[in-house]
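A short worksheet on the structure shown next.
The values are calculated or read from the model by the stated rules, or taken from the named source; none is laboratory data. Computed from a predicted model, the values in this text were never measured in an experiment. FYI the Cβ positions are ideal-geometry reconstructions off the backbone, even for glycines, and counts take in every protein chain you see. The accessibility values were calculated without ligands, DNA or RNA, using every heavy atom of the protein model including side chains. Shrake-Rupley method; radii C 1.70, N 1.55, O 1.52, S 1.80 Å.
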Amino acid sequence: MESISRLWGSRLWGAGFAVALCIAVTPAAFADEAQVLQRLDRLENRIDSLEGEVKAKDSKIESLEKAVQDRDAKIEALEKTRAEGAKAGAPPAAAGSSKGTADGAAGSTDTKTQAKEVPASAPKVTTKGGLKVESEDGAFSFQAIGRLNVDAAFYDQDKSRMGDGIQLRRARLGATGKMFNDWMYKLELDFGRDTGAGTVAVKEAWIKYIGWAPAEFLVGNVPVPFSLEDYTADLFVTFIERALPTPVFAPERLLGAVGGYYESNWSFAAGFYGRSADDPANVSITGPGPNCTTANPCTEGDQQFVSTARVTFDPVLEKDKLVHLGLGILFKNPSDQPITFSTRPESNVTAVRFLNTGTIANLDRLIEYDPELALIYGPASLQGEYFYVPVTRTQPNGTSSTPDVTLNGWYAQASYFLTGESRNYNPKIAKFDRVTPNNNLGHGGPGAIELAARVSQLDLDDGPQFQHGTERDYTLGVNWYVNPYIRFMVNYVFVRNNASATGNCPKPGTPPCNLLPGSANDSYDDPQILEFRAQVDW
């Protein structure tokens, strides 16, 4: 480097000397001494500038040479490490082999050559919340997923028999990932209570295209974007079970296709579906009984078809502040299939259903409207929905024996984090997401502790010819988030039923009512429920 500097310096000074000499021997130069001095000053300034540039280039060359030396040292160390590893794991050379020389030189050369052929990069493996393997360029990924809900419930019975017990509410295993950057997939199977006895159910099974972001498209057994609480995963809802009207009016997953467009503070999603993949039957049969025989034939009919649309707007959207407004519309054409509305009293351990319409006769179509509201202000949150469901029925032979009816349901809930966290809202898909404690248990804090209260109602009464009950539940809850993936929950539910809430007592000619001794009927049946859940997911 010094030689380069001296060379440039000598050249510059030589050029200056030659110019000065020319000026000295030129008679005209003496005509104006001031001009000569100005020229000399400019030349000296230019020489100084060139010297500075040369020094800067010398410094840059030195930095590049050092970087090259460091890179060569790293490459040499890496090749040495791989060669030693390959040598240690290679099988011993066979006796008499020409490659098995005394000093092992040939073997070392082969190992070094193989080490150079091994790519310097490898798939990325992460374990945050689960095991995920991703290609170097991020175009492909695979992640194992699962969840486990263990529930226990104890009932203070009023008129109906309700058995205390423990159940595996959900036990799911599956995988999700990405392919070729623009495609995603998910498959999730359930081995828990939702599937019935000894069966396995398909929950989510879809492929998604995300290449036209912020739009996305799914096909398969997909979550249905209808109802804020129903669209929010069961892992992230505030209470052990969703509010009374939600599972009655909002389908959780159906086979079909759905597309959505999601901006920073608004979204629109719509879909078209048939039945659910975990429906007990994969064909649609109508007829006088569940079994088809020659003497008692059945007719195969079309599936029910459902279409939904949901629009949301978040006029306030900050880390710990939210105003969420939404509206969902669902249209169902039952085709040849019967339709029934019924529900459990916000507890899944029991099989008792106080509200049950049975098969609704002469159903033509139904439309559901669902306005949504959610607010977050720091650790406090409010959420509510109202389901308005007009049901249109046909009138056989011009009679009015089966008039149109209107059903409805609603809930309102509030929660507060004693430890200062906020509910986590995902604006990309307009639903609530995972709560992350400020300090996990065992890492400087108690985790996150949330208190919650809810009132919910389902009304299946409309006029004297359609009386199937109204139920209102009052629920108090405590949630303890040990960390983002483990949660313990306690709920107390006080159930209030009206006189026509008699779904637990079969109609005449059916098996006896499931009533306690001394109870003549199940009207005004008001039990109390204490339930617990241990939850983990990955």
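Can you check what the net charge comes to around Ala152, using other residues whose Cβ is under 11 Å from the Cβ of Ala152 (Lys, Arg +1; Asp, Glu -1)?
Values: positive: Arg169, Arg533; negative: Asp151, Asp164, Glu531.
Result for the local shell: -1.
Can you find, among Asn491, Gly442, Gly503, the residue sitting farthest towards the positive end of the charge dipole of region 442-524, where Lys and Arg contribute +1 and Asp and Glu -1 at Cβ?
My answer, from the dipole projection, is Gly442.
In whole Hz, what ³J(HN,Hα) sequence does region 305-320 give by Karplus (6.51, -1.76, 1.60; θ = phi - 60°), x for Gly and Pro?
After applying 6.51 cos²θ - 1.76 cosθ + 1.60, I find 10, 10, 10, 9, 8, 9, 10, 9, 8, 10, x, 10, 8, 10, 4, 10 Hz.
Output ³J(HN,Hα) for region 363-377: one whole-Hz value per residue in order, computed from phi by the Karplus curve 6.51 cos²θ - 1.76 cosθ + 1.60 with θ = phi - 60°, and x for Gly and Pro.
6, 9, 6, 9, 10, 10, 10, 9, x, 10, 8, 9, 10, 10, 9
Taking the Cα centre of region 126-171 as the origin and placing charges on Cβ (Lys, Arg +1; Asp, Glu -1), which of Gln143, Thr127, Gly165 is farthest toward the positive end of the dipole?
Gly165
Contour minus end-to-end for Ser49 and Thr340, with contour as 0.36 nm per residue of separation and end-to-end as the Cα-Cα distance?
Working: separation 291, 0.36 × 291 = 104.76 nm, distance 8.97 nm.
Value of the extension gain: 95.8 nm.
Report, in debye and to the nearest 20, how large the dipole of region 341-434 comes out about its Cα centre when Lys and Arg carry +1 and Asp and Glu carry -1 on their Cβ. Please report the intermediate quantities before stating the final value.
Working: 8 positive and 9 negative charges, 42 e Å.
Rounded to the nearest 20 debye, it is 200 debye.
Would you mind calculating the gained length between Leu78 and Ile207 on full extension (0.36 nm times residue separation, minus the Cα-Cα distance), in nm to one decimal? If you can, show how the numbers build up before the last one.
Numbers: separation 129, 0.36 × 129 = 46.44 nm, distance 4.05 nm.
Length gained, Leu78 through Ile207: 42.4 nm.
Given the protein chains as shown and a 1.4 Å probe, how many square angstrom of Phe532 are accessible, to the nearest 10?
Rounded to the nearest 10, that gives 80 Å².
If I model a spin label at Tyr377 and Tyr492 as a point 7 Å from the Cα along the Cα→Cβ vector, what separation in nanometres do I get?
2.7 nm
Enumerate the calculated ³J(HN,Hα) couplings along region 483-497 in order (Karplus 6.51 cos²θ - 1.76 cosθ + 1.60, θ = phi - 60°), each rounded to whole Hz, writing x wherever the residue is Gly or Pro.
Calculated HN-Hα couplings, in order: 7, x, 10, 10, 9, 10, 9, 10, 10, 10, 10, 10, 9, 10, 10 Hz.
At a Förster radius of 30 Å, what calculated FRET efficiency corresponds to the Cβ-Cβ distance of Ile367 and Val200, to the nearest 0.05? If you can, show how the numbers build up before the last one.
Numbers: r = 34 Å, r/R0 = 1.14.
That pair, Ile367 with Val200, gives E of 0.30.
Report the full-extension gain for the segment Ile429 to Tyr386: residue separation times 0.36 nm, less the Cα-Cα distance, to one decimal in nm.
Numbers: separation 43, 0.36 × 43 = 15.48 nm, distance 2.04 nm.
That works out to 13.4 nm of additional length.
How high is the relative contact order of region 332-385? Use alpha-carbon pairs under 8 Å, at least six apart in sequence, and give a whole percent.
Values: 61 pairs, mean separation 16.0, N = 54.
Relative contact order, region 332-385: 30 percent.
With a point put 7 Å past each Cα toward its Cβ, work out how far Thr436 is from Val133 in nm, to one decimal.
For Thr436 paired with Val133, the spin-label model returns 2.7 nm.
What does the accessible area of Thr340 come to, in Å² to the nearest 10, when a probe of 1.4 Å is used?
70 Å²
Output the pairs from Lys208/Lys321; Lys74/Lys132; Lys159/Lys203; Lys124/Lys208; Lys186/Lys431; Lys203/Lys319 with a Cα-Cα distance over 26 Å in this structure; if there are none, say none.
Numbers: Lys208/Lys321 30 Å; Lys74/Lys132 29 Å; Lys159/Lys203 35 Å; Lys124/Lys208 23 Å; Lys186/Lys431 19 Å; Lys203/Lys319 31 Å.
The answer is Lys208/Lys321; Lys74/Lys132; Lys159/Lys203; Lys203/Lys319.
Calculate, for Thr394 and Ile166, the FRET efficiency according to 1/(1 + (r/R0)^6) with r their C-beta to C-beta distance and R0 45 Å; round to the nearest 0.05. Walk me through the numbers before you get to the answer.
On the way: r = 46 Å, r/R0 = 1.02.
Result of the calculation: an efficiency of 0.45.
Go ahead and run the numbers for FRET between Asn333 and Ala412, Cβ-Cβ distance against an R0 of 35 Å, rounding to 0.05.
On the way: r = 31 Å, r/R0 = 0.90.
Approximately 0.65, to the nearest 0.05.
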